[in-house]
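A.B. asks: Please find one structure pasted underneath; my questions will follow.
Derivation of every value follows stated rules applied to the coordinates shown; laboratory data play no part. The shown structure was predicted, so the numbers you read here are calculated from the model rather than taken from an experiment. Please note: Cβ atoms are built from the backbone with ideal geometry, for glycine as well, and neighbour counts cover all protein chains shown.
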């Protein structure tokens, strides 16, 4: 009798869940007719989300159709709008068609995260982001259109709200992007606004001086310890009452798990992530696994938890897909672990900084780290080629993102 694994989401976690489940199916000599693996997403495309701060975001996607065909994973086009974990069904909305109901034996929630947008007046009307490819393209068009506006402080100033990893990468890339649009002689101003008392608060004291030096080198200002009161068409008002004239405000202040996680009757953290055990099973919800940005998962026995990053999502996805298949095939499940942890923060024209370990020990800076960042962005995070043997070999959970 055929059994079915359904994976929701075609991001890094979903892609590797599909690869890993198919890998174990092959290794156990089980046919696709016996174990059907389905991946559901609006498009059979991987959004290379870590690169959305770069120019030309419309090019930063990778097709998955041929890869899924090569490993005999079924693609189902649509958006999942509901999950019934008791009946073990999902409801899929498909463009121009009535919703359909699919039944699963094991479900992998790999729906990722989205930008947290607080109810700040003016944010929906005047704020930009790089959360989706559509929003990143809209920002690109906005930056290009600034050249049609008369010279002014408003036109030449950009504000990035959020001084974390994403905000810093956006801000340090902006001077080059704005000069490309406005000309080398434009008197540009880029400002980072953050409620915290320092930039990159989660990266710790090790790399912070390097980041601070890079911001100074690029003449990027910081306004720390303040929030945002409102956005207007030509500026942003901060919580201390001060105002920055600007036609370009980019929101990069935090992520939350995608709303569909709320349809699973499990415990969630303050980021909306589902609590999972060390095998990535959603605690208290039989038959459901969660992975990537949708899961709060312990990486080790030292109290470290996976972060919302493609580095963690790829490896978590591989463990979740393997374990969903193993649970059906009577094979022992693998314990997720991810002791190795690195960061590589792009600093625009100032280079980059590469750290290793949870204490963020700096290993490379400047041009050497920039070379590493470019290799990560253009090679490592892309899907494997659509060759069955090579693709399945790439999904060994113990080897994925082993840095």
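A.B. asks: Could you state the number of Å between the C-alpha centres of segment 324-403 and segment 41-57?
C.D. replies: What the calculation gives is 17 Å, centre to centre.
A.B. asks: To continue, here is another question. How much length would be gained if the chain were fully extended between residue 56 and residue 77, taking 0.36 nm per residue of separation minus their Cα-Cα distance, in nm to one decimal?
C.D. replies: Here the segment from residue 56 to residue 77 would lengthen by 5.0 nm.
A.B. asks: Here is a further query. Find the relative contact order for the chain and round it to a whole percent, using C-alpha pairs within less than 8 Å whose residues are 6+ positions apart.
C.D. replies: It comes to 20 percent, rounded to a whole number.
A.B. asks: Rank the residues 12, 364, 354 as a footprinting-exposure proxy: fewest other Cβ atoms within 10 Å of their Cβ go first.
C.D. replies: 364, 354, 12
A.B. asks: Which distance in Å, rounded to a whole number, links the C-alpha centroids of segment 1-37 and segment 210-244?
C.D. replies: What the calculation gives is 46 Å, centre to centre.
A.B. asks: Calculated from DSSP H runs of 4 or more alone, at -39500 (n - 2.57) each and per residue, what is the 222 nm mean residue ellipticity of the chain, nearest 500?
C.D. replies: The helix contribution divided over the chain gives -8000 deg cm²/dmol.
A.B. asks: Helix 12-27 versus the longest principal axis of the chain: what angle, 0 to 90°, nearest 10, using Cα atoms?
C.D. replies: Approximately 20 degrees, to the nearest ten.
A.B. asks: If neighbour count is taken as other Cβ atoms inside 10 Å, put 316, 52, 1, 308 in order from fewest to most.
C.D. replies: In increasing order of surrounding Cβ atoms, one gets 1, 308, 52, 316.
A.B. asks: Please compute the modelled spin-label separation between residue 138 and residue 226, points set 7 Å along Cα→Cβ, answer in nm with one decimal.
C.D. replies: 2.6 nm
A.B. asks: Figure the gain on full extension for residue 368 and residue 283 (residue separation times 0.36 nm, minus the Cα-Cα span) and round it to one decimal in nm.
C.D. replies: 26.3 nm
A.B. asks: Quote the FRET efficiency, to the nearest 0.05, computed for residue 149 versus residue 239 with a Förster distance R0 of 22 Å and r equal to the Cβ-Cβ distance.
C.D. replies: Working from the Cβ atoms, E equals 0.20.
A.B. asks: Grab the beta carbon distance between residue 98 and residue 1, set R0 = 30 Å, and tell me the FRET efficiency rounded to 0.05.
C.D. replies: Computed FRET efficiency for residue 98 and residue 1 comes out at 0.60.
A.B. asks: Post the alpha-carbon centroid distance, segment 250-265 to segment 266-285, in whole angstrom.
C.D. replies: Value for the Cα centre distance between the two parts: 14 Å.
A.B. asks: Semi-axes, largest first, in whole Å: what does sqrt of 5 times each Cα gyration tensor eigenvalue give for segment 123-251?
C.D. replies: Here the semi-axes work out to 22, 17, 14 Å.
A.B. asks: To test your reading of the geometry: what angle, between 0 and 90 degrees and rounded to tens, separates the Cα axis of helix 208-217 from the longest principal axis of the chain?
C.D. replies: Rounded to the nearest ten degrees, it is 50.
A.B. asks: In what order do 382, 75, 341 fall by count of nearby beta-carbon atoms within 10 Å, going from fewest to most?
C.D. replies: 382, 75, 341
A.B. asks: Kirkwood hydrodynamic radius of segment 259-366 from all distinct Cα pairs, in Å?
C.D. replies: One decimal place: 15.1 Å for the Kirkwood radius.
A.B. asks: Moving to a separate point now. Using only Cα atoms, find the angle between the long axis of helix 133-145 and the longest principal axis of the chain, and express it within 0 to 90 degrees, rounded to the nearest 10.
C.D. replies: Once rounded, the angle reads 20 degrees.
A.B. asks: Next question. Quick one: work out the % antiparallel among DSSP beta bridges in segment 123-251, nearest 5.
C.D. replies: Of those bridges, close to 30 percent are antiparallel.
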